[in-house]
Structure formats: C-alpha cells, structure tokens
Amino acid sequence: ILALLTAWLLHELGHWLALRSLGMAGRLHNRWFLGVALEVPPACQGWRESYVAVAGPLANLLLAVFAWRWDYSSLLAANFVLGAVNLLPFLPLDGGKVLRGLAGSVFDWLAVSRVLLFWGKAAALAFASVIYYFGLHRWLLLLAVWLYLVAWREERNLPYLHMLHLLELSHIEPGNSDKYK
C-alpha cells in the first residue's frame, strides 16, 4: 500500500510540475469516494492538456526505471502499472486527455470527448467482465467500477467543460459580460 501511495503522489506531482512549468496553478480536488486528483484550470486545453496529462504517467514510468535499478519490486510494480494503465487512450485516464488535447484542436472537442468517454466506459465494463469471467481478484472490480463512475461523472460535466473550452478559444473570461457586446 505504501508503494501505491508513493506512486499516486508522484503521479499527481508530475501533473503539478507540468502545470507550474506552464505558469498555471492547480489544486487537489476531492471527488469523494472517486479519489483525489489534481484539478487543472480551464485554460489548460489543446497541447497544454496533453502536456500536463502525460506528465503524471511519465513520472511513474521514470520512477519505475529507478525502482528497477534499485531492485525495489513493489515500487516498480506500482509505478509501472499506474503509469501504463493511465496511458490507455480512454477518458478519464490521462491517455484519453493526451488524445483529446491533440485531436481536440483538429476535430470538434466535444465530439472527441464524447467518443473517448464512451470508450472509457466500455473499457471499464469489459475490464469488469474479464475479472468476473476469469475469477480474478474481486477487489479489481472496484477499479473497474471506479473507472466507469469517473467517466460517467466527467460525461455529466461535459456541457460545462465544453463551455469553458469555447470561452478559452474565444479568449472570453467567464463572468465578464462586457466582452460579449
């Protein structure tokens, strides 16, 4: 558990450092039982979203290399799994955010988000089915349920996120009605 907690903290530290390198600030956001994650500002769109999203898994994979070198197997496993799984191209995972950041500047951001959220929920259901069918550790079902619920929650917030994305593209700050005239 200590190795997993270390991996998670390093993951979020990677996101935070990437945000700071862009001159932006983020804060830890509690999603209740869905976990704690770094909340990024709405201005973090396009390539910036990809940059910040990839920083967490890369921090994990970097620490996995050091753990392998120092022969610390539990830290190696925790960081490798967390980094590799987070690079899967499904929202709400970081790989989906990387893909949305890159594809959202070429294609419709909302459509890209909806497709990646659909595949994220489908992957969660497939993961749960594989766990159940092969009789794997039942606690892994919690991971599948968590992934589905976080994707569902992000999908519910999609209209709000889309509005923020459009405001960022038009360079209008929320609450400043003078620029609408």
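The values are calculated or read from the model by the stated rules, or taken from the named source; none is laboratory data. Owing to the predicted nature of the structure, the values given are computational and were not obtained by experimental measurement. Positions of Cβ are backbone-derived with ideal geometry, glycine not excepted, and every protein chain shown enters the neighbour counts. To get the accessible areas, we keep the full protein, side chains included, count just its heavy atoms, and leave off ligands, DNA and RNA. Shrake-Rupley method; radii C 1.70, N 1.55, O 1.52, S 1.80 Å.
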Once you charge only the Cβ atoms, +1 for Lys and Arg and -1 for Asp and Glu, what is the size of the charge dipole of the chain about its Cα centre, to the nearest 20 debye?
180 debye
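Quick one: Kirkwood hydrodynamic radius for the stretch 1-140, alpha-carbon pairs, angstrom, one decimal? Mind dumping the intermediate values first?
Working: mean 1/r = 0.0627 Å⁻¹.
In the stretch 1-140 this quantity evaluates to 15.9 Å.
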Whole-Hz ³J(HN,Hα) for each residue in the stretch 72-79, computed from phi via Karplus 6.51 cos²θ - 1.76 cosθ + 1.60 with θ = phi - 60°, x for glycine and proline: what do you get?
10, 5, 5, 5, 4, 5, 4, 6
Solvent-accessible surface (1.4 angstrom probe) belonging to Tyr72, in square angstrom, nearest 10
110 Å²
Top positive-direction residue, dipole computed over the stretch 1-88 with Cβ charges, set Leu4, Ala64, Leu19
Leu19
Calculate how steeply helix 2-21 sits against the longest principal axis of the alpha-carbon atoms of the chain, using the helix alpha-carbon long axis, and give the answer as 0 to 90 degrees to the nearest 10.
30 degrees
Spin-label pair Arg156/Trp47, simplified geometry with 7 Å Cα→Cβ offset, distance in nm:
3.6 nm
Starting from 0 in steps of 5 Å, tell me what percent of the Cα-Cα pairs of the stretch 71-177 lands in each bin.
2, 12, 17, 19, 16, 12, 9, 6, 4, 2, 1, 0
Could you grab the relative contact order for the stretch 1-106? Cα pairs under 8 Å, six or more apart, rounded to a whole percent.
29 percent
On average, how much accessible surface per residue is there in the stretch 1-81, in Å², for a 1.4 Å probe, leaving out ligands, DNA and RNA?
61 Å²
With R₀ set to 22 angstrom, the calculated FRET efficiency between the beta-carbons of Val81 and Phe107, to the nearest 0.05, is 0.10
State the extension gain, in nm to one decimal, for the chain segment bounded by Ser21 and Tyr72, taking 0.36 nm per residue of separation less the distance between their alpha-carbons.
15.4 nm
Met163 to Val130: FRET efficiency via 1/(1 + (r/R0)^6), r the Cβ-Cβ distance, R0 25 Å, to the nearest 0.05?
0.10
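Between Val65 and Leu2, what length in nm is gained on full extension when 0.36 nm per residue of separation is reduced by their alpha carbon distance? The partial results should precede the final answer.
Details: separation 63, 0.36 × 63 = 22.68 nm, distance 1.79 nm.
Fully extending the segment from Val65 to Leu2 adds 20.9 nm.
Considering only protein heavy atoms and a 1.4 Å probe, what is the carbon-and-sulfur percentage of the accessible area of the chain? Don't skip to the end; give the middle numbers.
Values: 7930 of 11250 Å².
Carbon and sulfur together cover 70 percent of it.
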Can you find, among Ser73, Ala151, Ile131, the residue farthest towards the positive end of the dipole of the chain? Put +1 on the C-beta of Lys and Arg, -1 on that of Asp and Glu.
Ile131
